[in-house]
1. Heavy-atom accessible area of S102 with all protein chains present, probe 1.4 Å, nearest 10 Å²?
2. How far is the Cα center of segment 65-99 from the Cα center of segment 178-257, in Å?
3. So, with +1 on the Cβ of K and R and -1 on the Cβ of D and E, and no other charges, what is the size of the charge dipole of segment 2-122 about its Cα centre, to the nearest 20 debye?
4. Determine ³J(HN,Hα), in whole Hz, for all residues of segment 16-33 in sequence, where each value follows from phi through the Karplus function 6.51 cos²θ - 1.76 cosθ + 1.60 and θ = phi - 60°; x replaces Gly and Pro.
5. Accessible area of K128, 1.4 Å probe, to the nearest 10 Å²?
6. Excluding same-chain residues fewer than 8 positions from K222, which aspartates and glutamates have a Cα within less than 17 Å of its Cα?
7. Above 23 angstrom, tally the Cα pairs of the chain and express them as a % of all pairs, no decimals.
8. Run down the lysines and flag those whose C-alpha is under 23 Å from the C-alpha of K252, throwing out any fewer than 8 positions away in its chain.
Amino acid sequence: MTAEKNQLLVTENLEQAYQKYRQLKLEVDEWIRKRGSYWLAGLSMNKESPYLPITDLPQDAIIELWQRLNISAKVEITDLKLQELWEQLKLGKNTMNPEMASRFQMAVSGVAKLASQAVSEKGVPEQKFNPRASENPEKNVVACPVCGEISTLAVLTEPDGKRVMHCSTCSFEWPVQRTGCLFCGSEDSKKLLYFDNEAFPGIEMGVCQICGQYFKEIDGRKLSAVDYLWEDMRTLPLNYATERWIEEQVRKDNQIN
Ligand SMILES: [Zn+2]
Ligand SMILES: [Zn+2]
């Protein structure tokens, strides 16, 4: 009975969270439609990747979109106060409540998406593991070529299962090698373990036993037309479980050695 009740609560919270996310997402899309070309015209992108790191995004555009999201959530706050919250964040002090922080995240992502859409029109070549990435993390195959953020979300695309990485920050997708570890380049398939969970069909967690990194892989042939960002958030329990599993392995290894 209690378990059933808990399950119901979780489902209800998830449904509420989804509705909130959906509403913000629609606002962001609407803003991009109305204001996107104006802000895009003023963006100057680098010649090489990352084309537009998130630290270089126009602050005024982020405030504008953030304010739009606040209004949609019926939260009254001045632009000046938003600037202050942001300054605090830059100093490493997060003084925002979780809802304000998620609207801020959505605003940053929305502005980053402008650059992502512009680069998507041209596309980027398939990214292969770069052995020099350890000196230069932004050249890593899992670093988004547009905004430079690290992605841990891979998608196998229709129709033939080509693998792309999906950036949770700017939504950019780029093709990557189909086999091997994306983090350390290991081609030893026995050392790359895949876990699935019947609660989340069409999703697997890949763990590399060489470097201890993991990624989530969504099979887009089974879960086509899903919102990958929401899918990633909804399945965060898989990330926690994978992290716990890795910690456990490290602990056991230390006991043996
Ligand atoms: Zn990105
Ligand atoms: Zn690895």
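The values are calculated or read from the model by the stated rules, or taken from the named source; none is laboratory data. Not measured: the values here are computed from a predicted model. Positions of Cβ are generated from backbone atoms using ideal geometry, with glycine treated the same way; all protein chains shown enter the neighbour counts. These area figures cover heavy atoms from the full protein model, side chains too; ligands, DNA and RNA do not enter into them. Shrake-Rupley method; radii C 1.70, N 1.55, O 1.52, S 1.80 Å.
1. About 50 Å², rounded to the nearest 10.
2. Rounded to whole Å, the Cα centres lie 34 Å apart.
3. Numbers: 16 positive and 16 negative charges, 29 e Å.
With only Lys, Arg, Asp and Glu charged at Cβ, the dipole is about 140 debye.
4. My calculation for segment 16-33 gives 4, 4, 5, 4, 5, 4, 4, 4, 5, 4, 5, 4, 4, 4, 5, 4, 4, 4 Hz in order.
5. It works out to around 130 Å².
6. K222 reaches E158, D160, D196, E198, E204, E231, D232.
7. Numbers: 19332 of 32896 pairs.
More than 23 Å apart: 59 percent of the Cα pairs in the chain.
8. K190, K191
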